[in-house]
Each structure stands twice: as structure tokens, then as C-alpha cells.
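Take a look at the structure set out below.
The values are calculated or read from the model by the stated rules, or taken from the named source; none is laboratory data. Fair warning: this is a prediction, and the values are worked out from it, not measured in the lab. In this analysis, Cβ positions are derived from the backbone assuming ideal geometry, glycine residues included, and neighbour counts consider all displayed protein chains. Ligands, DNA and RNA are stripped out before the accessible areas are found, and what is left, the full protein with its side chains, is counted by its heavy atoms. Shrake-Rupley method; radii C 1.70, N 1.55, O 1.52, S 1.80 Å.
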Amino acid sequence: MDEPPKQQTDIARAAALIADPSRARMLKSLADGRALPAGALADEAGVSAATASAHLAKLVEGEFVTVERQGRHRNYRLAGPDVCAALEALALIAPALPVTSLKQSNRAGALHRARTCYDHLAGQLGTALMGALLDRGVLTGYDGVHRPNEALRDRPASYGSDISYELTASGRAQLRELGVDTDRLPPRRPAVRYCVDWSEHRHHLAGGLGAKLTARLFELGWVRRGASPRVVHVTDAGTEGLKASLGLTL
């Protein structure tokens with residue numbers, strides 16, 4: 001059977017969609033995997049409702065964003081984790097925005113401490129969680145540290161490819177006690193995957209298992225979303241629960 005012809009990708013078109021500051025702010029607001037209405041995205045971008053609608057139409061047409069209709073309401077969501085991975089990679093090479101207020105400084109610190117990377121945890125919390133899963137034997141395969149001089153394909157702010165982590169039989173039992181059914185992970189995506197965390201230069205858990213575990217931590221009330229997009233806070237119950245269930249001390 002003849003193979004389909006190879007096609008080059010239109011990087012310029014994708015870059016142009018992200019290049020507008022208002023659209024970039026909208027995309028960053030959606031990078032925690034949630035669906036948001038146009039009004040909330042307009043507020044985040046600092047533009048009018050009409051301008052936001054025009055920007056969102058371009059993002060939907062470019063397949064960066066999908067729209068979900070609920071009656072007369074429309075909510076917008078990133079088209080998938082690959083869009084978030086692209087934003088993370090751009091953040092790694094982009095010049096830093098000047099910090100002109102205490103609020104901006106606090107937000108930057110909060111993003112380093114704990115954030116979402118699409119639908120899973122990242123930052124210090126995400127990498128510490130990955131370390132705890134390895135220490136407890138839930139996962140096996142490597143030690144969770146990114147070593148640039150040894151990496152073949154792995155780069156910060158991207159999905160990892162050099163390492164193969166596996167969920168152990170003991171890990172399935174431990175996660176079941178936590179309320180995570182590993183036999184019912186999100187379909188059509190790898191069960192166990194990792195990202196190279198851009199701020200910590202370690203691995204954090206992605207894939208179906210990362211999404212399922214993160215959703216469970218929100219459900220338990222062990223983590224909660226912050227006021228700024230993607231920021232996550234560990235609750236008092238989470239500090240105790242993570243230590244008791246996974247030996248994770250924050």
C-alpha cells in the first residue's frame with residue numbers, strides 16, 4: 001500500500017495565531033484544561049467582548065481552541081494537551097515580562113510552586129508528586145531527574161521520550177486506595193507519560209494517569225485552583241493527605 005505523502009507543517013501560521021498579545025493571554029488562561037466563557041477570556045485579555053469574539057473565532061479556525069455549546073452559552077477550551085505543550089515550550093525561550101508589581105511577583109512564585117500543565121500538576125508540587133510515586137514504588141523506570149547532558153530527545157517544557165515509566169502492580173493497589181481506578185483511565189491517550197518540567201528540570205506525571213490523579217486530588221479537596229489561571233494551592237487537608245497516602249512532605 002502506498003504511504004500518504006509527507007506534508008510540511010505551517011509553523012508561520014501557528015506562530016501568527018499565538019503572536020497577538022490578547023490571543024496569547026487567552027491561550028494561557030485556558031492552559032489548565034478548563035473551558036471558559038468568552039466573557040471571562042475577554043476580561044483576562046483586557047479587550048471588549050466583540051474583540052474577544054473575533055480572536056476566539058481565529059483560534060477555533062486554527063484548531064487551537066474548541067467551542068462547547070450549552071444552550072445559548074459557549075465555552076472555549078484548548079484543543080488538546082499538545083497546544084499546552086507548545087505554549088510551555090515557547091515560555092522557555094520567550095523573554096521574561098518585566099515585573100512591575102508585587103502581584104506579578106507573587107503570581108510568578110505561585111506558578112513555580114504549583115500549577116497545572118493542561119490537566120495534570122506541574123511545578124514544585126508536580127515534580128515532588130512524581131518523586132513520591134517513584135519512592136513508593138507506584139511507578140518504576142527512572143529517578144525523575146532531567147539530565148540535559150544525558151538526554152537524547154528530552155527537552156524542558158515538552159513531553160518526554162527518553163524514559164519509559166511503568167505503573168506497578170503495587171502502584172495500582174496504592175492508587176486504588178486513594179480512589180484512582182487505573183483500569184478506567186481516559187481513553188485515546190497514553191496511560192503513563194511524563195513532561196520535562198521547565199521550572200524544576202525534573203519530570204512530572206502526565207498522560208491519562210496524571211490527569212486522573214490530578215482530578216482525584218481536586219475532588220478530595222487536597223488541592224484547589226488559585227485566583228490566577230493555572231495556579232494551584234495545596235490545602236491543609238492536602239498537606240496531611242499527601243503525606244499519609246504517598247509519603248509526600250511539602
* Structure fact -> Rounded to whole angstrom, the alpha-carbon centroid of the range 120-141 lies from that of the range 192-230 at a distance of 10
* Equivalent ellipsoid semi-axes, the range 85-199, via Cα gyration tensor eigenvalues times 5, rooted, Å -> 28, 17, 13
* Please determine, in degrees from 0 to 90 and to the nearest 10, the orientation of helix 102-113 with respect to the longest principal axis defined by the Cα atoms of the chain, where the helix direction is its Cα long axis. => 40
* Structure fact -> Whole-Hz Karplus couplings 3J(HN,Hα) for the range 224-230, θ = phi - 60° and coefficients 6.51, -1.76, 1.60, Gly and Pro as x, run 9, 7, x, 6, 8, x, 6
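Among the listed pairs K28/K243; K28/K103; K103/K243, give every one whose C-alpha distance is greater than 23 Å.
Working: K28/K243 31 Å; K28/K103 17 Å; K103/K243 30 Å.
Beyond 23 Å between Cα atoms: K28/K243; K103/K243.
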* Return one number: the angle in degrees, 0 to 90 and rounded to the nearest 10, between the long axis of the Cα atoms of helix 81-93 and the longest principal axis of the Cα atoms of the chain. => 80
* Structure fact -> Mean accessible area per residue over the chain (1.4 angstrom probe, all protein chains present, square angstrom) is 56
* Output the relative contact order of the range 116-215, whole-number percent, from Cα pairs under 8 angstrom with separation of 6+ residues. => 36
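Ranked highest first by the average count of other Cβ atoms within 10 Å around their residues, in what order do 139-149, 91-101, 109-119 fall?
Numbers: 139-149: 14.6, 91-101: 9.2, 109-119: 20.5.
The densest-packed peptide leads the list: 109-119, 139-149, 91-101.
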* Asked: Using only helices, what value at 222 nm comes out for the chain when you add -39,500 (n - 2.57) per DSSP H run of length 4 or more and divide by the total residues, to the nearest 500 deg cm²/dmol?
  -> -13500 deg cm²/dmol
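Per the 1.4 Å probe, what fraction of the accessible area of the chain, in percent, lies on carbon and sulfur atoms?
52
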* **Whole-angstrom gap from the range 6-37 to the range 234-250, using each part's C-alpha centre** => 35
* Across the range 7-23, in residue order, what do the Karplus-derived ³J(HN,Hα) couplings come to in whole Hz, using 6.51 cos²θ - 1.76 cosθ + 1.60 with θ = phi - 60° and x for Gly and Pro? -> 10, 7, 9, 8, 4, 4, 5, 5, 5, 5, 5, 7, 5, 5, x, 5, 5
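I need to check one value: relative contact order of the chain, counting alpha carbon pairs closer than 8 Å and at least 6 residues apart, in percent. Don't jump to the answer; show the numbers that get you there.
Values: 371 pairs, mean separation 41.6, N = 250.
The value is 17 percent.
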* Name the residues whose placed amide hydrogens come within less than 5 Å of the amide hydrogen of S158, ignoring near sequence neighbours (fewer than 5 apart) on the same chain. => V196
* Structure fact -> To the nearest 10 degrees, the tilt of helix 207-220 (Cα long axis) against the first principal axis of the alpha carbons of the chain is 80
* Structure fact -> Using alpha-carbon coordinates alone, the radius of gyration and Dmax of the chain in Å work out to 18.9, 61
